[in-house]
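Heads up: the structure comes next, in structure tokens.
Taken together, the values in this text are just the output of simple stated rules run on the coordinates, not laboratory data. Just so it is clear, the model here is predicted, and its values are computed rather than measured. Counting neighbours? That spans all protein chains shown, and the Cβs are built from the backbone with ideal geometry, glycine included.
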Amino acid sequence: MTSLWVPGSDSVDDADERVKTVFATYGLAMYQAALLEVELVHAFALHKIIDAKSAAKLIADPWHSGYKKKLFELIRHVEGQSPSDPDLVEDLTECRKRRNWLAHSYWREHDLHFVSPSGQTEMIRNLDADVEFIQGVRARLSTVVHEPAHQDLGFTQGMFDAEFRRLYSEAGGE
């Protein structure tokens with residue numbers, strides 16, 4: 001695998017790497033947003049606001065027809081779960097908006113940016129900020145919702161680590 005482009009490089013040879021970096025960073029931003037959506041559904045299945053069967057159906061929906069309404073409802077429910085983080089609901093809502101914009105409008109709105117080195121650099125910088133923001137919101141969601149639910153249910157980090165190793169091994173990991 002070739003290395004990704006490093007900001008500050010401007011040789012002609014870096015053009016392909018810069019383009020790859022735009023796509024890779026966009027992919028990472030979408031991946032982080034998708035993880036946040038699934039984690040929100042899982043968190044509230046743990047709280048039994050939606051049952052496991054409904055959560056599985058929602059996660060398996062290939063067209064996300066249920067996500068818009070359900071995620072809005074689930075985000076609103078965080079208000080009652082997050083007195084220690086009053087901005088979490090607003091930031092979850094922003095993540096949802098950001099994910100929708102990335103999925104539906106990003107490339108159309110950045111077509112002219114993508115054709116120039118400076119535009120590509122700006123795209124990478126902005127996508128990096130999106131990734132950082134979404135990762136931070138995911139961490140806060142875990143602290144406010146996941147961790148207390150896991151403690152209530154008696155789950156330990158050791159249990160999660162063991163299950164990860166089992167699943168990783170089944171998937172062919174070493």
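Of all the Cα-Cα pairs you can form in the stretch 94-163, what percent are over 16 Å apart?
Percentage above 16 Å: 64.
With θ set to phi - 60°, apply the Karplus curve 6.51 cos²θ - 1.76 cosθ + 1.60 along the stretch 14-31 and write out the HN-Hα couplings as whole Hz, x wherever there is a Gly or Pro.
7, 4, 5, 5, 5, 4, 4, 5, 4, 5, 5, 5, 4, x, 5, 4, 5, 4
How would you rank HIS113, HIS104, going from fewest to most other Cβ atoms within 10 Å of each one's own Cβ?
HIS104, HIS113
Just want the ordering: SER105, SER82, from fewest to most Cβ atoms lying within 10 Å of their own Cβ.
SER105, SER82
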